[in-house]
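**Student:** Below is one structure. I have some questions about it.
The values are calculated or read from the model by the stated rules, or taken from the named source; none is laboratory data. Remember, predicted model here, so these are calculated numbers, not experimental data. Here the Cβ positions follow ideal geometry from the backbone for every residue, glycine too, while neighbour counts run over all protein chains shown. Quick note on the areas: whole protein, heavy atoms, side chains included, nothing else; ligands and nucleic acids left out. Shrake-Rupley method; radii C 1.70, N 1.55, O 1.52, S 1.80 Å.
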Amino acid sequence: MTHRDALFSYTESMSKTQEILSTIPGNPLIGLQKADKLWSTYKAGKRSFPTVITEQAKLLEQVDYDVAICGGTLGILLGAALAGKGWRVVLLERGELRGREQEWNISRRELETFVELELLSEEELAEAIATQYNPARITFNGGKELWVTDVLNIGIDPVYLLDKLKQKFLASGGTLLEHTPFQSATVHPNGVSIQASAPITARLLVDAMGHFSPIVQQARQGKKPDAACMVVGTCAKGYNNNETGDLIASFTPIKNQCQYFWEAFPARDGRTTYMFTYLDAHPSRPSLEAFFEDYLTLLPEYQDTPLDQLDFVRALFGFFPCYKDSPLQYPWNRTLPVGDSSGSQSPLSFGGFGAMVRHLERLTQGIHEALDADLLDSKSLGVLQPYQPNLSVTWLFQKSMSVGVDQKVSPNKINDVLSTIFADMAVLGDDVLKPFLQDVVQFPALAKTMLRTSTRHPLLVASILPQVGVGSVAGWMRHFISLGGYNVLNAAESSVDRALASSAKKQYYANRWIDALKYGSGGDY
């Protein structure tokens, strides 16, 4: 056999995933296989977890910082905001603090947070916007297409954004420690001693290291997630010109006990497409590599473009574990999870940038008040990650969009249900549809949708019950009732001036309750 024949034979034996990913700069195939190994440990059951947080009764002789933030990619958002308020902040990042090339998609109204917190000027915010598109499509196999505008239609340049926030952070007196991975920490009565390349002491440790933070692993004790979202995708050049996007689309029936959903949008250097699905962590669930193979098999049909016409620039993949016990509250004093570490996004969302921005103003003010009043015990910090019924109600939606490994469901069932519900929301108007598309559930919108769907399509609603289970519906009703209560209380609170409490501690708790009502009812939208 000649060398050329051997090379041809080797290429023929490779999967589409291996062949394409091995040609992309940086060889993301290695990263995919690494992520798959981690996914396998989640599917296998209870995992081992590190002990990275310990406690000690001895006082620290010296505390150098007010806040130490571990995890810089999204931690810099909070770090810059806190440093701007005059706190001594140190930020630990395991590599170089630099944004990725792939844009972060978000809606315009959420971006105003950066201006309101004085992190960016209007001119800098405009410069941070890499792409914009309209309209975006919602479609499910066999159903009617819906189109919306100004929803998650802005692509932010992470390289520019993080560079500007880094400059703001340093100019405000912040300390940035790049190539400094978190190793462990010891909680003392007056501060936290963090072990990294050099010891660091701070009054408060903020964990922004994400879903797979070692502190999160210890806090959750290796518990198996209640659900997961798997996602794979690419950014590529060579598509036919298309300036529209897909917020959520499907064009196939259930496959491998999974309903495949898609999203797509124009990017600065091509077009980005994702395929994702909701599922549990059962051992028989597909690997990320097998999921990627299905993505590449279906992509030509989805975008009406053959693979050999595409020049792949980047590959994207991962899985996001979801826990019903969220947002997470740490049991240790002087420690606080934020962003994906806290699980403060719904099980329908990828979390990340959008979830962090949504809570940035609330967390900045809350941490500022906690530091000011020295309320850094676990109970006081726990109210910064309160129960949010508008997130908890989405568990039933996630359940209705997934299929158990042994469950018998008609092939197009999920598409039929979603097509009907989204059509009803569209009829009810943008006030109902648009918040939901941005991971915000509000009681009036949800109640209107339920009433319309249950009265116009009673048999369809009844058919969902066997799929999701009576227990899930009963649990959902509790969260739905709570959402209604939060909605009423938030409306009542908003109509009166905030009363000044008799002490900083009482004021802190009063403000956190007001925040809980606002965000837990979707009133922040």
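**Student:** Would you tally the residues in the stretch 333-354 being of a type in the set (Ser, Thr, Tyr), assigned to a loop (DSSP other than H, G, I, E, B) and surrounded by fewer than 24 Cβ atoms within 10 Å (Cβ to Cβ)?
**Tutor:** Here is the first cut: in the stretch 333-354, the ones of a type in the set (Ser, Thr, Tyr) are 335, 341-342, 344, 346, 349.
Checking the rest, the ones that are also assigned to a loop (DSSP other than H, G, I, E, B) come to 342, 344, 346, 349.
From what's left, surrounded by fewer than 24 Cβ atoms within 10 Å (Cβ to Cβ): 346, 349.
Summing the residues that are of a type in the set (Ser, Thr, Tyr), assigned to a loop (DSSP other than H, G, I, E, B) and surrounded by fewer than 24 Cβ atoms within 10 Å (Cβ to Cβ) in the stretch 333-354 gives 2.
**Student:** Evaluate the stretch 322-332: report whether one residue or more is assigned to a strand (DSSP E or B), open to solvent by less than 30 Å² (accessible area, probe 1.4 Å) and within 30 Å of Asp377 (Cβ to Cβ).
**Tutor:** Step one: list which residues in the stretch 322-332 are assigned to a strand (DSSP E or B), which gives 322.
With open to solvent by less than 30 Å² (accessible area, probe 1.4 Å) added as a condition, the list becomes 322.
In the following step, the residues that additionally are within 30 Å of Asp377 (Cβ to Cβ) were identified as 322.
Yes, the stretch 322-332 contains a residue that is assigned to a strand (DSSP E or B), open to solvent by less than 30 Å² (accessible area, probe 1.4 Å) and within 30 Å of Asp377 (Cβ to Cβ).
**Student:** Considering only residues that are out of contact with any Asp or Glu (no Cβ under 8 Å at 6 or more places or on another chain), aliphatic (A, V, I, L, M) and part of a strand (DSSP E or B), which ones fall in the stretch 272-286?
**Tutor:** Leu279
**Student:** Evaluate the following for Asn153: is it under 29 Å from Ala249 (Cβ atoms), buried (at least 18 other Cβ atoms within 10 Å of the Cβ) and not hydrophobic (A, V, I, L, M, F, W, C)?
**Tutor:** Criteria met by Asn153.
**Student:** Looking at the stretch 287-316 only, could you name the residues that are of a type in the set (A, V, I, L, M), assigned to a strand (DSSP E or B) and open to solvent by less than 30 Å² (accessible area, probe 1.4 Å)?
**Tutor:** Within the stretch 287-316, Ala315, Leu316 qualify.
**Student:** Of the conditions (1) at pLDDT 95 or above; (2) surrounded by fewer than 19 Cβ atoms within 10 Å (Cβ to Cβ); (3) of a type in the set (Lys, Arg), Arg268 satisfies every one except a single condition; which number is it?
**Tutor:** That leaves (1) as the condition not met.
**Student:** When only residues in the stretch 232-251 that are open to solvent by less than 30 Å² (accessible area, probe 1.4 Å) and touching a Leu at 6+ places or on another chain (Cβ under 7 Å) count, which is farthest from Pro306 (Cα to Cα)?
**Tutor:** Among them, the one singled out is Leu247.
**Student:** Further question on the same structure: Hey, any hits in the stretch 117-124 for a residue that's charged (D, E, K, R), over 21 Å from Glu263 (Cα atoms) and modelled with pLDDT under 95?
**Tutor:** No.
**Student:** Let me ask something else about it. Does Gly95 satisfy being part of a loop (DSSP other than H, G, I, E, B), out of contact with any strand residue (DSSP E or B) (no Cβ under 8 Å at 6 or more places or on another chain) and either more than 25 Å from Gln167 (Cβ to Cβ) or open to solvent by less than 10 Å² (accessible area, probe 1.4 Å) (or both)?
**Tutor:** Judged against the criteria, Gly95 is not a match.
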